[in-house]
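Enquirer: Here you go, one structure.
The values are calculated or read from the model by the stated rules, or taken from the named source; none is laboratory data. The model shown is predicted, which means the values in this text are computed figures rather than measured ones. In this analysis, Cβ positions are derived from the backbone assuming ideal geometry, glycine residues included, and neighbour counts consider all displayed protein chains.
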Amino acid sequence: MQKRVVITGMGIVSPLGVGVKHNWKRLLSCDSGIVNIADMDLKDIPVTIAGRVPWGENEGEFDINKVLPLKDQKKNDKFIVYGMGAGIEAIEDSGFIPETQEDQERYGVLMGSGIGGLQTIYDSSLAFNEMGMRCVSPFFIPSVLINLISGNLSIRFGLKGPNEACVSACSTGAHAIGEAYEIIKRGDADVMLAGSAEAAINVLGLGGFARMRALTSDFNDAPQKASRPWDKNRSGFVMGEGAGALVLEDLEHALKRGAKIYAEVVGYGVSADAYHITTPSGEGAERAMKMALKKALQNGVKPEDIDYINAHGTSTPAGDVGEALAVKNVFGELTKNISMSSTKSSIGHLLGAAGSVEAVFTTMSIVDQICPATLNLEDPEDELKDMDLVPLKPKKRNIKAAMSNSFGFGGTNATLVLKKYE
């Protein structure tokens, strides 16, 4: 009998704040987490906006003291801290912390990042260059390694099952969730904590993407208007930071312990464009979606059951249209029945963390039967005006199943299909 995999816990850290309930409420209120970052020493970088996680001790703000004791805070780059914050929330939300040796050995972690500890690498390089080796922290290496999100969470909760990391640019989060899904399906674990984190909002990260002309600088005076997927006035993405995490669980295991179930994972597709490092081909995205739909069909979900797509939708001139046309090619006449939106319009592009945060939003869209809005979509591209891109405000509708797309540099693609648990 084929194993079924369900979602029993979720956690999120994003520019909208901390916590799934807090994020979802703000998302449906059409709030934006994109802010002015001119308080940073940006030197000659032309971009002065980003989706930055709000820090503080108030509700919805990120309080590092709730994640790590003071003695450990400087030992970890911010991306690890964000990943731990989301992971801790997801595990606690699931209500299952393994205590027996058997349970610990059947519970794994697969958390990734697209870039990793960029700020720590930058700071340590400057320190080494200016003052030598003695000024480099002995914790430098473990504070930047991408697998240390998984490592720290496994130590924190005694999770002795598969312990891995995923690194595939902006597809990282979706790949981590998809691979964790496959681990459970093949019987190597009963429970997996999966997701990703990113914290690259610094002069090196911003400068690098700005040199590629990937970031928009047209809305520095109006940050909340800057991320505008599919709109004719879009001019690049807005960099964001944060983390998302899901607890995936074998259905039988979840039912046995009486877990609450948010949704079921039914499909996962992967592909490579094999075309260009940064420019998507569209064809690769189509194959990822088709693969995910083929697997979903084996779990009783047909293409016509897809009611909502949480798009990759970064707000780049080429990428947005390419993805939308790929959706049209995959679904054909069924496209007219699908609502598709980009939550990056609210939080920016979280790079390696995007897929996991968007998987949380996709899950919540199924739970509450509502599609989040695409903010700032005031004048869609002409060839997309026949699509329901959920402009400006959320849309209530029946959602039996939903898809989440993630595409990354190097031509790497991932698609997840989730369905309402029945």
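Enquirer: Mind listing whichever residues of the stretch 78-114 are buried (at least 24 other Cβ atoms within 10 Å of the Cβ), touching a helix residue (DSSP H, G or I) at 6+ places or on another chain (Cβ under 7 Å) and not in a helix (DSSP H, G or I)?
Expert: G108, V109, L110, M111, G112, S113, G114
Enquirer: Can you name every residue in the stretch 357-402 that is more than 18 Å from R26 (Cα to Cα) and of a type in the set (G, A, S)?
Expert: A401, A402
Enquirer: Write out, first by first residue and then by second, each pair whose Cβ atoms fall under 6 Å of each other, whose residues are 6+ apart or on separate chains, and whose first residue, in the stretch 287-307, is under 11 Å from L418 (Cβ atoms) while the second is in a helix (DSSP H, G or I) and among the β-branched types (V, I, T).
Expert: Every condition considered, no pair remains.
Enquirer: Looking at the stretch 149-158, is at least one residue outside any helix (DSSP H, G or I), more than 22 Å from the chain's Cα centre (by Cα) and crowded, with 22+ Cβ neighbours inside 10 Å?
Expert: Of the residues in the stretch 149-158, the ones outside any helix (DSSP H, G or I) are 158.
Narrowing the set further to residues that are more than 22 Å from the chain's Cα centre (by Cα) leaves 158.
Right, trim to crowded, with 22+ Cβ neighbours inside 10 Å and you get none.
Scanning the stretch 149-158 turns up no residue that is outside any helix (DSSP H, G or I), more than 22 Å from the chain's Cα centre (by Cα) and crowded, with 22+ Cβ neighbours inside 10 Å.
Enquirer: In contact with a Gly (Cβ under 6 Å, 6 or more places away or on another chain) and charged (D, E, K, R): does that describe E182?
Expert: Values: in contact with a Gly (Cβ under 6 Å, 6 or more places away or on another chain): no; charged (D, E, K, R): yes.
No; evaluated as a whole, the condition is false for this residue.
Enquirer: Being touching a Phe, Trp or Tyr at 6+ places or on another chain (Cβ under 7 Å), farther than 24 Å from I177 by Cβ, of a type in the set (S, T, Y) and surrounded by 14 or more Cβ atoms within 10 Å (Cβ to Cβ): is that true of S124 here? Give the derivation first.
Expert: Working: touching a Phe, Trp or Tyr at 6+ places or on another chain (Cβ under 7 Å): yes; farther than 24 Å from I177 by Cβ: yes; of a type in the set (S, T, Y): yes; surrounded by 14 or more Cβ atoms within 10 Å (Cβ to Cβ): yes.
When the stated conditions are applied, S124 passes them.
Enquirer: What is the number of the single condition among (1) part of a helix (DSSP H, G or I); (2) without any contact (Cβ under 8 Å) to a residue 24 or more places away in the chain; (3) under 18 Å from D72 (Cβ atoms) that T120 does not meet?
Expert: (2)
Enquirer: For the stretch 253-275, check the following and say yes or no: at least one residue is in a helix (DSSP H, G or I) and farther than 30 Å from I91 by Cβ. Quick ask: steps written out before the conclusion?
Expert: Start the filter on the stretch 253-275 by keeping residues that are in a helix (DSSP H, G or I), which leaves 253-256.
Adding the requirement that they be farther than 30 Å from I91 by Cβ leaves none.
No, every residue in the stretch 253-275 fails to be in a helix (DSSP H, G or I) and farther than 30 Å from I91 by Cβ.
Enquirer: Mind listing whichever residues of the stretch 98-124 are touching a strand residue (DSSP E or B) at 6+ places or on another chain (Cβ under 9 Å) and β-branched (V, I, T)?
Expert: Answer for the stretch 98-124, where residues must be touching a strand residue (DSSP E or B) at 6+ places or on another chain (Cβ under 9 Å) and β-branched (V, I, T): V109, I115.
Enquirer: Between E241, E179, E249, E198, which is at pLDDT 95 or above, surrounded by fewer than 24 Cβ atoms within 10 Å (Cβ to Cβ) and either touching a strand residue (DSSP E or B) at 6+ places or on another chain (Cβ under 8 Å) or hydrophobic (A, V, I, L, M, F, W, C) (or both)?
Expert: Values: E241 fails: surrounded by fewer than 24 Cβ atoms within 10 Å (Cβ to Cβ); E249 fails: surrounded by fewer than 24 Cβ atoms within 10 Å (Cβ to Cβ); E198 fails: surrounded by fewer than 24 Cβ atoms within 10 Å (Cβ to Cβ).
The match here is E179.
Enquirer: Can you tell me which of (1) of a type in the set (S, T, N, Q); (2) surrounded by fewer than 23 Cβ atoms within 10 Å (Cβ to Cβ); (3) in contact with a strand residue (DSSP E or B) (Cβ under 9 Å, 6 or more places away or on another chain); (4) in a loop (DSSP other than H, G, I, E, B) is the one Q224 doesn't meet?
Expert: Going through (1) of a type in the set (S, T, N, Q); (2) surrounded by fewer than 23 Cβ atoms within 10 Å (Cβ to Cβ); (3) in contact with a strand residue (DSSP E or B) (Cβ under 9 Å, 6 or more places away or on another chain); (4) in a loop (DSSP other than H, G, I, E, B) one by one, Q224 breaks only (4).
Enquirer: Return yes when V360 is assigned to a helix (DSSP H, G or I) and either over 12 Å from the mean Cα position of the chain (by Cα) or without any contact (Cβ under 8 Å) to a residue 24 or more places away in the chain (or both) and no when it is not.
Expert: For V360, the condition - assigned to a helix (DSSP H, G or I) and either over 12 Å from the mean Cα position of the chain (by Cα) or without any contact (Cβ under 8 Å) to a residue 24 or more places away in the chain (or both) - is not met.
This table checks each residue for (1) aliphatic (A, V, I, L, M); (2) part of a loop (DSSP other than H, G, I, E, B); (3) surrounded by fewer than 24 Cβ atoms within 10 Å (Cβ to Cβ); (4) touching an Asp or Glu at 6+ places or on another chain (Cβ under 8 Å).
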site	(1), (2), (3), (4)
I366	yes, no, yes, no
E378	no, yes, yes, yes
E383	no, no, yes, no
D386	no, yes, yes, no
S406	no, no, no, yes
T415	no, no, no, no
L418	yes, no, no, yes
Y421	no, yes, yes, yes
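Enquirer: For the stretch 18-35, enumerate the residues that are over 19 Å from M239 (Cα atoms) and small (G, A, S).
Expert: Matches in the stretch 18-35: G19, S29.
Enquirer: Considering only residues that are out of contact with any Asp or Glu (no Cβ under 9 Å at 6 or more places or on another chain) and small (G, A, S), which ones fall in the stretch 206-236?
Expert: G208, A210, A214, S217, A222, S227
Enquirer: Now, a different point. From C166, C135, grab the single residue that is among the hydrophobic types (A, V, I, L, M, F, W, C) and surrounded by fewer than 16 Cβ atoms within 10 Å (Cβ to Cβ). Write out each step before concluding.
Expert: On the way: C166 fails: surrounded by fewer than 16 Cβ atoms within 10 Å (Cβ to Cβ).
Only one candidate qualifies: C135.
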